[in-house]
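Asks: Dumping the structure here so I can ask a few things about it.
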């Protein structure tokens, strides 16, 4: 499912116009992005939680050339599914 399909699904289930559903989805994405940018955790009970983790620097290998490279430390977003979503997907 892509963003346009998600907007259509939200609009039909919530009895909204596609314009309003797009505004709501864009607002959620902006708020969630800002929250994670500030290092906060975002939890949606039953669905899952987003958090920011620090990934340490490490040595890697260029798969094309086989040459060793250094991979810098960085922050990455992690998603952990909630119990209800896990049961639903099983």
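Here, each number is a calculation from the coordinates, and none is a lab measurement. As the structure is a computational prediction, the values presented were derived from the model and not from experiment. Cβ atoms come from the backbone with ideal geometry, glycine included; neighbour counts cover every protein chain shown.
Asks: Within the stretch 25-53, can you find the residues that are closer than 24 Å to residue 4 by Cβ, loosely packed, with under 15 Cβ neighbours inside 10 Å and out of contact with any helix residue (DSSP H, G or I) (no Cβ under 6 Å at 6 or more places or on another chain)?
Replies: 26, 27, 28, 29, 30, 31, 33, 34, 44
Asks: Across the stretch 70-79, which residue is nearest to residue 32 (Cα to Cα) among those that are exposed (fewer than 11 other Cβ atoms within 10 Å of the Cβ) and touching a strand residue (DSSP E or B) at 6+ places or on another chain (Cβ under 8 Å)?
Replies: Out of the qualifying residues, it is 79.
Asks: Consider the stretch 42-90. How many of its residues are in contact (Cβ under 8 Å) with a residue 12 or more places away in the chain and over 17 Å from the mean Cα position of the chain (by Cα)?
Replies: Residues of the stretch 42-90 that are in contact (Cβ under 8 Å) with a residue 12 or more places away in the chain, as a first pass: 44-59, 70-85.
Now drop any that are not over 17 Å from the mean Cα position of the chain (by Cα), which leaves 56-59, 70-73, 83-84.
Adding up the residues that qualify gives 10.
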